[in-house]
Amino acid sequence: VNRNGTATYIQDKYCQTATNSVNNAFDNETGMYRYYVNDEIMQLEVPSDQYEKAVQVMKDKIEQGLVPDVTDPEEALNIVKKGSVTYEQAVNIAKAGTIDSLTYDSINGAIIATKALGISFTIDYALRILQGEKKEEAIKESVMNSLQVGGKSFLIYVLSSQLAKTGAANVFTPAATAISKVLGDN
């Protein structure tokens, strides 16, 4: 995650229970916390409805000496991060056709569409001005064209995201593999 130009490394664990979400961040063989970047401990994001229990589980792990270089159990508050969605919402986001999934994909689609809309408007407007159109007409036409581009981008994003969640995309895997073999490495 990039926050104010600084990279913050976060490990997400969305399991059915807070205990499982926290335990998933520990090595199966050694039992030690396993997520570090440049000797800095990575935050562990858990579903919002599991946060309080997850903090307690992490405190217990720290007390057991399973988090290297961390001895104060209160540091669990700095290690465990409360996610923005519950476990149930996360499950629903991963499914096609649910309200949570459509909402999530629509928000991301709107972000993508806004960028496409802005780029489209800028290029279209610049070309129209360079071709001698009046500013008012260039703005009007560029707005209309960019709204079409943004709208299409939004729809394509949402539909393709929903389709990918159905597993229907797997139908195309054999054909894509065959085509890539025919085309070769280049």
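The values are calculated or read from the model by the stated rules, or taken from the named source; none is laboratory data. Fair warning: this is a prediction, and the values are worked out from it, not measured in the lab. Because the Cβ atoms are built from the backbone with ideal geometry, glycine has one as well, and the counts that use them run over all protein chains shown. Side chains are part of the model used for accessible areas, which takes the heavy atoms of the whole protein and leaves out ligands, DNA and RNA. Shrake-Rupley method; radii C 1.70, N 1.55, O 1.52, S 1.80 Å.
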Please go through segment 87-105 and give me each residue that is polar (S, T, N, Q), open to solvent by less than 40 Å² (accessible area, probe 1.4 Å) and either under 17 Å from GLN16 (Cα atoms) or within 15 Å of the chain's Cα centre (by Cα) (or both), ordered by number. ASN92, SER101
Does GLN64 count as modelled with pLDDT of 95 or more, open to solvent by 40 Å² or more (accessible area, probe 1.4 Å), more than 28 Å from TYR104 (Cα to Cα) and in contact with a Gly (Cβ under 9 Å, 6 or more places away or on another chain)? yes
Looking only at residues that are assigned to a strand (DSSP E or B) and under 20 Å from the mean Cα position of the chain (by Cα) in segment 38-55, which one is farthest from THR6 (Cα to Cα)? VAL46
If I ask for residues that are under 25 Å from ILE111 (Cβ atoms) and either touching a Ser or Thr at 6+ places or on another chain (Cβ under 6 Å) or of a type in the set (S, T, N, Q) (or both), which ones from segment 123-157 would you list? ASP124, TYR125, SER142, ASN145, SER146, GLN148, VAL149, SER153
Is it the case, given these coordinates, that TYR14 is of a type in the set (Ser, Thr, Tyr), in contact with a Gly (Cβ under 9 Å, 6 or more places away or on another chain), surrounded by 20 or more Cβ atoms within 10 Å (Cβ to Cβ) and modelled with pLDDT of 95 or more? yes
Count of segment 22-61 residues which are in contact (Cβ under 8 Å) with a residue 40 or more places away in the chain and either within 19 Å of VAL91 (Cα to Cα) or open to solvent by 30 Å² or more (accessible area, probe 1.4 Å) (or both): 2
Kindly indicate which of ASN186, ASN170, ASN145 is at pLDDT 95 or above, of a type in the set (S, T, N, Q) and either out of contact with any Lys or Arg (no Cβ under 8 Å at 6 or more places or on another chain) or part of a loop (DSSP other than H, G, I, E, B) (or both). ASN145
